[in-house]
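Everything on this sheet refers to the single structure shown next.
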Amino acid sequence: MWDERYSKADLVWSAGPNTFVEQMCADLPPGRAVDLAAGEGRNALWLAERGWRAHAVDFSAVGLERARTIAAQRLGDDADRLTTEVADLSAWEPPDEGFDLVVVAYLQVPAHSRTPMLATAARAVAPGGRLLVIAHHPANIERGVGGPPDPDVNYTQDDVLADIDGSGLVIDRAEEVTRAVATPDGERHAIDTLVWASRT
């Protein structure tokens, strides 16, 4: 299904990064980053443009091929700052050295799949590194805009904290946040989950 969506002429998601990825990561010094469930790689591409060595992981080869194409256009000779990996996150294993930044933005899977995936994401954070999880909050279905209508793939900050419990990460922020969305009827607000954690 995602291969089919990403094969369309237009980008499925925006060309720029997620608002919260930009807010939380803009001032971080470049290092090694991984964008899990990267889709067309918008967050990884933004990081690569800022000097990061960004690794985009997704199960859609079509989405990642588009990411590489965009990297060639936007990064030119520095396109190799973006690398990609086609993988099912239920089986993905992070490298031993870990990453300075792990981004999981809008991973849409049921809880029984999400829990081990987020535990793996937490394990991928290197000493001194950070984890950012952004998700569609369950409240978005009734009070927000956009996002999946399936409550099984929307989750709260408490769900994320339970999933990464025991990882050794320090929780810096865990909250419900709103995100402005332009619609034909004017600006509305999506309701998201944000978790920002670090490893000392």
message = Suppose the chain between Val170 and Asp96 were pulled fully straight at 0.36 nm per residue; how much longer would it get relative to their current alpha carbon spacing?
response = 24.6 nm
inquiry  = Between Thr200 and Ala26, what is 0.36 nm times their sequence separation minus the Cα-Cα distance? Round to one decimal in nm.
reply    = 60.6 nm
ask   = Among Thr120, Gly98, Val109, whose Cα lies farthest out toward the positive end of the dipole of the chain, if unit charges sit on the beta carbon of Lys, Arg (+1) and Asp, Glu (-1)?
value = Gly98
Sequence of His112, His55 once ranked by neighbouring C-beta atoms within 10 Å, starting from the fewest = His112, His55
query = To the nearest 20 debye, what is the magnitude of the charge dipole of the range 46-109 about its Cα centre, counting +1 on the Cβ of each Lys and Arg and -1 on the Cβ of each Asp and Glu?
reply = 340 debye
Vicinal HN-Hα couplings computed from phi for the range 131-148 (Karplus, 6.51 cos²θ - 1.76 cosθ + 1.60; Hz; Gly/Pro x) = 10, 10, 10, 10, 9, 6, 6, x, 5, 5, 4, 9, 10, x, 8, x, x, x
note = Cβ-Cβ cut-off under 14 Å around Leu169, Lys and Arg +1, Asp and Glu -1: the net charge is 0
ask   = What does the helix-only formula give at 222 nm for the chain: each DSSP H stretch with n ≥ 4 adding -39500 (n - 2.57), the total divided by the residues, and the result rounded to the nearest 500 deg cm²/dmol?
value = -8000 deg cm²/dmol
query = Of all DSSP beta bridges located in the chain, what percent are antiparallel, nearest 5?
reply = 50 percent
³J(HN,Hα) computed for each position of the range 92-98 - Karplus, 6.51 cos²θ - 1.76 cosθ + 1.60, integer Hz, glycine/proline x = 5, 10, x, x, 4, 6, x
Cα-centre dipole for the chain with unit charges at Cβ (Lys and Arg positive, Asp and Glu negative), debye to 20 = 340 debye
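FYI, it's all coordinate maths here, none of it is from the lab. These numbers come from a predicted model, not from an experiment. Cβ: placed from backbone, ideal geometry, glycine included. Neighbour counts: every protein chain shown.
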